[in-house]
Protein chains: 2
Amino acid sequence: MADSSAHLHPVALDKCYRLLNHGPTVLVSAAHGGRRNTMAAAWNMPLDFTPPKVAVVVDKSCFTRGLIEASGRFVLAVPTRAQVALVSAVGGCSGREVDKEVVLGLHYLGDGASDDAESTPRVAGCAAWLSCRLLPEPGLQQAYDLFLGEVEAAWADSRVFSGGRWHFDGHDELRTLHHVAGGHFFTPGASISG
Amino acid sequence: MADSSAHLHPVALDKCYRLLNHGPTVLVSAAHGGRRNTMAAAWNMPLDFTPPKVAVVVDKSCFTRGLIEASGRFVLAVPTRAQVALVSAVGGCSGREVDKEVVLGLHYLGDGASDDAESTPRVAGCAAWLSCRLLPEPGLQQAYDLFLGEVEAAWADSRVFSGGRWHFDGHDELRTLHHVAGGHFFTPGASISG
């Protein structure tokens, strides 16, 4: 898997909605009390431009949900074609049963070198990340499993996202994943303008 | 533009989330008091499996918003590559100022032949449609412009969606649209399995 950290650059907050605008499946990570976990979520979307907000569905069965509620934070990471097996594996087991870092080889940017890796766990090798503060809406979380967050920082791999745009040409392995069903994904293909 | 109505078939409600799972931009239509309108929305997602629910962001400036609130209904339609100019045009003007049916040539399935075309306006030529009952959440609508709906019926063009799956091969003009920014879209490309 390509090491994206060498190409990581900040994304301006007023452009960060574009990281999700085209509908990629994301990984949702959170940390609390010495545990970190990551789940897969096709059901996510931007919610506002300024300040930027996002929405994501997190089922009650998800171990990550408890970490989000306890810490008040989560990270959305946009995984790549090179990570398709990892995304399926992450989505196919629960942090209640396994430590995905040990079993799946999941690792995070800055591990061993930064406190950020503890509070803001960004899955290594992804194409983009949005670090979010939970907007607590207990009624919404309970009734609809719907979690809202304000994006406080965002980053992307400059090989495929710069100037506020995705540009995957020449980097097929870094194309985003769009879940169809049952572990089958589309990657972005031809561009077209209206 | 291909006439999709000849290939329209119902989609089982327990599979209708798959119409949105891969992150397409949708058209949102609603009707009330003899007016119909349609807007474009990249910010949408499935919200639940059974009963199926969806979420979509509808800004306070949108004329369609008033039609949704008044009628308690909306339709999400999944437009195609063949409709990219229509999608941009629909997103580029307001129903407050123009009648999009007159100015843009927007038309709906069953026009002139069915009462459904009045209460459940489905944009002709799309690849799929989800007819939704608004789940009234006034606080959520006001604070976040977030509208939730329960899907009561769904249909797709069987050339590209059948057996609960999208299959675009051989039908490039019916590929879904995934908005990047500024009227530029991706269409689904290579498939990959995890």
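Quick notes on this one:
- Residue that is nearest to A:TRP166 (Cα to Cα) [pool: residues in segment B:169-182 that are open to solvent by less than 20 Å² (accessible area, probe 1.4 Å) and at the interface with another protein chain (Cβ under 7 Å from one of its Cβ atoms)]: B:VAL180
- The set of residues from segment B:65-107 being assigned to a loop (DSSP other than H, G, I, E, B) and more than 15 Å from the chain's Cα centre (by Cα) comprises B:GLY72, B:GLY92, B:CYS93, B:SER94, B:GLY95, B:ARG96, B:GLU97, B:VAL98, B:ASP99, B:LEU104, B:GLY105.
- Conditions (1) open to solvent by less than 10 Å² (accessible area, probe 1.4 Å); (2) under 26 Å from A:ALA55 (Cβ atoms); (3) within 14 Å of another protein chain (Cβ to nearest Cβ): number failed by B:PHE186: (1)
- Residues in segment B:136-168 that are closer than 15 Å to A:PRO188 by Cα and more than 10 Å from chain A (Cβ to nearest Cβ): there are none.
- Residue in segment B:88-98 that is more than 14 Å from chain A (Cβ to nearest Cβ), modelled with pLDDT of 95 or more, within 16 Å of B:MET39 (Cα to Cα) and touching a helix residue (DSSP H, G or I) at 6+ places or on another chain (Cβ under 8 Å) present: no
- Residue check for B:LEU76: surrounded by fewer than 20 Cβ atoms within 10 Å (Cβ to Cβ), on the phi < 0 side of the Ramachandran plot and within 14 Å of another protein chain (Cβ to nearest Cβ): no
- Filtering segment B:54-64 to residues that are under 13 Å from the mean Cα position of the chain (by Cα) and either in contact (Cβ under 8 Å) with a residue 40 or more places away in the chain or open to solvent by 30 Å² or more (accessible area, probe 1.4 Å) (or both) leaves B:VAL54, B:ALA55, B:VAL56, B:VAL57, B:VAL58.
The values are calculated or read from the model by the stated rules, or taken from the named source; none is laboratory data. Keep in mind that this is a model prediction, so the values were computed, not measured. Cβ sites come from the backbone with ideal geometry, for glycine too, and all protein chains shown count toward neighbours. Side chains included, ligands, DNA and RNA excluded: accessible areas come from the protein's heavy atoms. Shrake-Rupley method; radii C 1.70, N 1.55, O 1.52, S 1.80 Å.
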